[in-house]
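> So that we are looking at the same thing, I have put the structure below in structure tokens.
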Amino acid sequence: MPTTDPLSREDTHPAEDRAGAVHHLVRRPELGALVAALGIFLFFSLTTDVFLSPAGVSTWLYSASLFGIMAVAVALLMIGGEFDLSAGAMTGTTGLLVGILTTQWGLNVWIAMLVALAVALAIGAANGLIVMKTGLPSFIVTLATFFILQGVNLAVTKLITGSVVIQGMAQVPFFDAVKHLFGSTIPVLGLDLKVAVLWWFAVIALATWVLIRTRTGNWIFAVGGALPSARQMGVPVLKVKIGLFMTTAGAGWLVGMLMLFDVSTVQATTGIGQEFVYIICAVVGGCLLTGGYGSAVGAALGALIYGMTLQGIVFAQWDNNWLKAFLGGMLLLAVLVNLSVRKRVGATA
């Protein structure tokens, strides 16, 4: 009686394997952002002479990195089912705090940075605690925090310095040592890359590892996708949510330091209005507004799209106002694509 080898060619199903691979690929949250990023890269590469030059590549990578660090942190929070509208203002708050502590009060720059980090994390923890203890939407809570930080940034800076700009950072002791970590330029493959780009890659790698390889990552998806079930399974929801708000605040501190030690100055309006760009980058990267779905790589690709478009419009000498129209269209298209993909995946799951 003939026997059938389970590994024989007759028992394999290449068509099913290919269908499974395609299905898995479609389910990836960053797929749409990857296609869009390639399209924008090709478009500006063909329509401008500067875009692919070493200076051009360095410029749009640097722009993307600052938005990308925040977009990755915001994506983690959105996967966890929350929003943080104070993320943009936080970048300015931390930079201003370090600037005032060092230039006005003579505090050691390393200590000033630690103080700014502690303040940022405390604000993030407060946001998370208020959201969890009151049940208020994080949109409202962090919107209030945004206005508080915006007012404090302007009023306190002007009260202490008489201006809305902090200058003189280059004369602060140990400034050059800190600049190597946060504001230096590194030659890589013929490009003069800002160190912020390397920080961005590190943040992407760390966030991806946390989401995919750790129990904390499972918890983040659980609290964003099915909060009641997560509670029943013993997930420490309070700690996870507060930790995510602290993550966005910590990312705000990092971006604040990268900008401060790059240009040696900071304005009281720094970061205002950027919070929506971070959310758009995360959504374009595949994050759902309802939580429970997304990736760090997708958010990074969303930031890359924004960075390339921001600089590509300048290189092409277009009216910069077209950037806002592009952002709105990109957000709407991303939401529609994400909705379609999720429905299709749900129907075939």
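The values are calculated or read from the model by the stated rules, or taken from the named source; none is laboratory data. Here the structure is a predicted model, which means the values were calculated and not measured. Cβ coordinates were reconstructed from backbone atoms using ideal geometry, including for glycine residues, and neighbour counts include every protein chain displayed. The area values use the complete protein model at the heavy-atom level, side chains included, leaving out ligands, DNA and RNA. Shrake-Rupley method; radii C 1.70, N 1.55, O 1.52, S 1.80 Å.
> Hey, what do the phi angles of the range 241-246 turn into as Karplus ³J(HN,Hα) couplings, whole Hz, using 6.51/-1.76/1.60 and θ = phi - 60°, x for Gly and Pro?
Per-residue couplings from phi come out as 5, 4, x, 5, 5, 5 Hz.
> Ordered by packing density, taken as the mean number of other Cβ atoms within 10 Å over each peptide's residues, highest first, how do 176-185, 256-265, 297-306 rank? Intermediate values should be presented prior to the final figure.
Details: 176-185: 15.7, 256-265: 21.8, 297-306: 29.8.
The most tightly packed comes first, giving 297-306, 256-265, 176-185.
> A further question on this structure: Sort 89-100, 218-229 for me by packing, meaning the mean count of neighbouring Cβ atoms within 10 Å per residue, highest on top. It would help to have the intermediate numbers written out before the result.
Details: 89-100: 28.2, 218-229: 18.7.
Averaged packing, sorted descending, gives the order 89-100, 218-229.
> How do 155-163, 281-289 rank on mean C-beta neighbours within 10 Å, highest first?
Working: 155-163: 13.8, 281-289: 28.0.
The most tightly packed comes first, giving 281-289, 155-163.
> Which of 63, 53, 86 ends up with the largest GNM mean-square fluctuation for the chain, with Cα atoms connected below 10 Å?
53
> Loop only by DSSP, 16 or fewer other Cβ within 10 Å of the Cβ. Give me the chymotrypsin sites (Phe, Trp or Tyr not before Pro) in the range 88-173 that pass, ordered by residue number. Please report the intermediate quantities before stating the final value.
On the way: sites: 105, 110, 139, 146, 147; in loops: 105.
For chymotrypsin sites (Phe, Trp or Tyr not before Pro) across the range 88-173 that sit outside H, G, I, E and B with at most 16 neighbouring Cβ atoms in 10 Å, the list reads 105.
> Also, I was wondering about something else. Check which residues have an amide H placed less than 5 Å from residue 266's amide H, if you skip close sequence neighbours.
Here the answer is 166, since their amide H atoms fall under 5 Å of that of residue 266.
> Hey, another quick one. How big is the charge dipole of the chain about its Cα centre, in debye rounded to the nearest 20, if each Lys and Arg gets +1 on its Cβ and each Asp and Glu gets -1 on its Cβ? Spell out each step's value before the answer.
Numbers: 17 positive and 14 negative charges, 161 e Å.
Charge dipole of the chain: 780 debye, to the nearest 20.
> Note down the nm distance, to one decimal, between modelled labels 7 Å out along Cα→Cβ at residue 232 and at residue 181.
Between residue 232 and residue 181, the simple spin-label model gives 4.6 nm.
> Something else: Mind checking which lysines have their C-alpha under 25 Å from residue 241, skipping anything on the same chain fewer than 8 residues away?
133
> Now for a separate question. Tell me whether the range 285-328 comes out rounded, prolate or oblate; compute the Cα gyration tensor, take square roots of the eigenvalues as a ≥ b ≥ c, and use a/c under 1.5 as the rounded threshold.
Details: a/c = 6.71, a/b = 2.22, b/c = 3.02.
Oblate shape, in that a/c is at least 1.5 and b/c is the bigger or equal ratio.
> Over the chain, with the other protein chains present, what is the accessible area per residue in square angstrom, probe 1.4 angstrom? List each step's numbers first, then the result.
Details: 17100 Å² over 349 residues.
Roughly 49 Å² per residue, with all protein chains present.
> Excluding same-chain residues fewer than 8 positions from residue 194, which lysines have a Cα within less than 30 Å of its Cα?
179, 324
> From the phi angles alone, apply the Karplus equation (6.51, -1.76, 1.60; θ = phi - 60°) to the range 322-336 and give each ³J(HN,Hα) in whole Hz, x where the residue is Gly or Pro.
Karplus values, whole Hz, x for Gly and Pro: 5, 4, 5, 4, 5, 4, x, x, 5, 5, 4, 5, 5, 5, 5.
> Moving on. Give me the distance between the Cα centres of the range 50-91 and the range 170-213, rounded to whole Å.
The two parts, judged by their Cα centres, are 13 Å apart.
> What percentage of the solvent-accessible surface of the chain, computed with a 1.4 Å probe over protein heavy atoms, is contributed by carbon and sulfur atoms?
Working: 11680 of 17100 Å².
Percent of accessible area from carbon and sulfur atoms in the chain: 68.
> Can you list residues whose amide H is under 5 Å from residue 288's amide H, if they're 5+ apart or on another chain and H is modeled 1.01 Å from N?
293
> Can you tell me the 0 to 90 degree angle between the C-alpha axis of helix 138-161 and the longest principal axis of the chain, rounded to 10?
In the chain, helix 138-161 runs at an angle near 20 degrees to the longest axis.
> Would you calculate the separation in nanometres between label points at residue 53 and residue 126, each defined as 7 Å from the Cα along the Cα-to-beta-carbon direction?
Roughly 4.7 nm, to one decimal.
> Per DSSP helix of 4 or more residues, -39500 (n - 2.57); summed, then divided by the residues of the chain. What does that give at 222 nm, rounded to the nearest 500? Before the final figure, lay out the partial values.
Working: 14 runs with 252 residues, N = 349.
Helix-only estimate at 222 nm: -24500 deg cm²/dmol.
> Which length gain, in nm to one decimal place, applies between residue 144 and residue 276 when the Cα-Cα distance is subtracted from 0.36 nm times their residue separation?
Values: separation 132, 0.36 × 132 = 47.52 nm, distance 1.50 nm.
Gain in length upon complete extension: 46.0 nm.
> Between residue 174 and residue 289, what is the spin-label point distance in nm, taking each point 7 Å from the Cα along the Cα→C-beta axis?
4.5 nm
> Taking 0.36 nm per residue of separation and subtracting the Cα-Cα distance, what length does fully extending residue 198 through residue 323 add? Numbers along the way, then the final one.
Values: separation 125, 0.36 × 125 = 45.00 nm, distance 2.59 nm.
That pair, residue 198 and residue 323, stretches by 42.4 nm at full extension.
> So what are the ³J(HN,Hα) numbers for the range 30-37, from phi and the Karplus equation (6.51, -1.76, 1.60; θ = phi - 60°), rounded to whole Hz, Gly and Pro as x?
Values per residue, Gly and Pro as x: 8, 4, x, 5, 5, 4, 5, 4 Hz.
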